[in-house]
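The values are calculated or read from the model by the stated rules, or taken from the named source; none is laboratory data. Note that the structure is a prediction, hence the values are computed from the model and not measured. Cβ coordinates were reconstructed from backbone atoms using ideal geometry, including for glycine residues, and neighbour counts include every protein chain displayed.
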Amino acid sequence: MDLGCLRLSFVATLATFLFFHDFCACQKAPNYSFMHNATAAQPVSYYDYIIIGGGTAGCPLAATLSQNASVLLLERGGSPYGNPNITNLGSFGAALSDLSSTSPSQRFISEDGVINSRARVLGGGSCLNAGFYTRAAPYYVREVGWDERLVNESYQWVEKVVAFEPPMRQWQSAVRDGLVEVGVLPYNGFTYDHMYGTKIGGTIFDQNGQRHTAADLLEYANPSGLTLLLHASVHKVLFRIKGKARPVAHGVVFRDATGAKHRAYLKNGPKNEIIVSAGALGSPQLLMLSG
């Protein structure tokens, strides 16, 4: 991230935090008929797609694929709804300080001694972060070869649910004016777009100080096409090996909160896939455990 963008992230996020700090009403939980505790899962089940990890990638992907296929979304954590340490801006940081076994964040210390946390909750890091929202830089979209038209459509799909314009009060305005005065130009006003200079970026906190996470994007899901299991810890991806051909993933093994083992397999469709979206730490860890 360039220095200008870092400044902008800091300004918009801190400004939003200061304005909303006194709000503390709990966010009403959505009625997701497809969301269940993993203890209710069958010992063996079959799906067109199996998604491991219900974070910022897994939730919107599950919602999209469920429109035309059967999807299993496995999340090792619980629901963010009803937990004021997640949903209320006034409690920002409390979830990161919670060291209990049921905490939505899991603390760890890196090999070089840095204290950090990884998400353990439906919605992933969007339940724990400072809530700044911005679009990717156009050059990045082109560099990775994505369809720019589809990317722009996806932005609108996401922003309709989780992105908001933060308020500007005296302190925030003073910081904005200071950046412009020292030459962080041009001034771009409020925009979700990634731009050089000074801008007012988006936030995932609404006007009542309520956090909106990737879990909210599941409202787009087809209820008859999606099964979401909470407290489902995946321990292994199962591979089918035929001769010298490349191994093909065809199932997963996961355990519920009681330790009971369950298996989920792909159906025999030509495009069926197991998608690992368990985060920067969880995804490689799972692949290593799977051999």
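Taking every residue in the stretch 116-140 that is crowded, with 17+ Cβ neighbours inside 10 Å and pairing it with any residue that is at pLDDT 95 or above and acidic (Asp, Glu), at least 6 positions away or on another chain, the pairs with Cβ-Cβ distances below 6 Å are Leu122/Glu75; Arg135/Asp193.
When the residues of the stretch 186-200 are filtered to those that are touching a Leu at 6+ places or on another chain (Cβ under 9 Å) and part of a loop (DSSP other than H, G, I, E, B), the one that is nearest to Cys127 (Cα to Cα) is Met195. Beta carbons closer than 8 Å, at least 6 apart along the sequence or on distinct chains, pair a first residue in the stretch 223-238 that is under 20 Å from Gly55 (Cβ atoms) with a second that is basic (Lys, Arg) and surrounded by fewer than 22 Cβ atoms within 10 Å (Cβ to Cβ) for Ala232/Arg255; Ser233/Arg255; His235/Arg255.
Can we say Gly183 is farther than 20 Å from Tyr220 by Cα, part of a loop (DSSP other than H, G, I, E, B) and at pLDDT 95 or above?
Values: farther than 20 Å from Tyr220 by Cα: yes; part of a loop (DSSP other than H, G, I, E, B): yes; at pLDDT 95 or above: yes.
Yes.
Suppose we keep only residues that are outside any loop (DSSP other than H, G, I, E, B) and polar (S, T, N, Q) within the stretch 201-226. Which one would you say is farthest from Asn37 (Cα to Cα)? Residue satisfying both the conditions and the ranking: Thr203. Annotation: of all residues in the stretch 237-260 being surrounded by fewer than 16 Cβ atoms within 10 Å (Cβ to Cβ) and touching a helix residue (DSSP H, G or I) at 6+ places or on another chain (Cβ under 8 Å), the one that is nearest to Val121 (Cα to Cα) is Ala257.
Looking at this structure, is Gln172 in a helix (DSSP H, G or I), touching a residue at least 24 places away in the same chain (Cβ under 8 Å) and among the polar types (S, T, N, Q)? Judged against the criteria, Gln172 is a match. Looking at Gly201, is it surrounded by 12 or more Cβ atoms within 10 Å (Cβ to Cβ) and among the small types (Gly, Ala, Ser)? The answer is yes for Gly201. Taking every residue in the stretch 188-215 that is without any contact (Cβ under 8 Å) to a residue 24 or more places away in the chain and pairing it with any residue that is surrounded by 24 or more Cβ atoms within 10 Å (Cβ to Cβ) and assigned to a loop (DSSP other than H, G, I, E, B), at least 6 positions away or on another chain, the pairs with Cβ-Cβ distances below 8 Å are Thr191/Gly201. Number of residues in the stretch 227-243 that are out of contact with any Asp or Glu (no Cβ under 6 Å at 6 or more places or on another chain), assigned to a strand (DSSP E or B) and not hydroxyl-bearing (Ser, Thr, Tyr): the value is 9.
Among the residues of the stretch 182-227, the ones that are under 15 Å from the mean Cα position of the chain (by Cα) and aliphatic (A, V, I, L, M) come to 5 in all.
Condition check for Asn85 on (1) among the polar types (S, T, N, Q); (2) surrounded by fewer than 18 Cβ atoms within 10 Å (Cβ to Cβ); (3) more than 16 Å from Glu219 (Cβ to Cβ); (4) out of contact with any strand residue (DSSP E or B) (no Cβ under 9 Å at 6 or more places or on another chain): one failure, at (2).
Across the stretch 48-72, which residue is farthest from Leu217 (Cα to Cα) among those that are surrounded by fewer than 22 Cβ atoms within 10 Å (Cβ to Cβ) and over 18 Å from the mean Cα position of the chain (by Cα)? Among residues in the stretch 48-72 that are surrounded by fewer than 22 Cβ atoms within 10 Å (Cβ to Cβ) and over 18 Å from the mean Cα position of the chain (by Cα), the one farthest from Leu217 (Cα to Cα) is Asp48.
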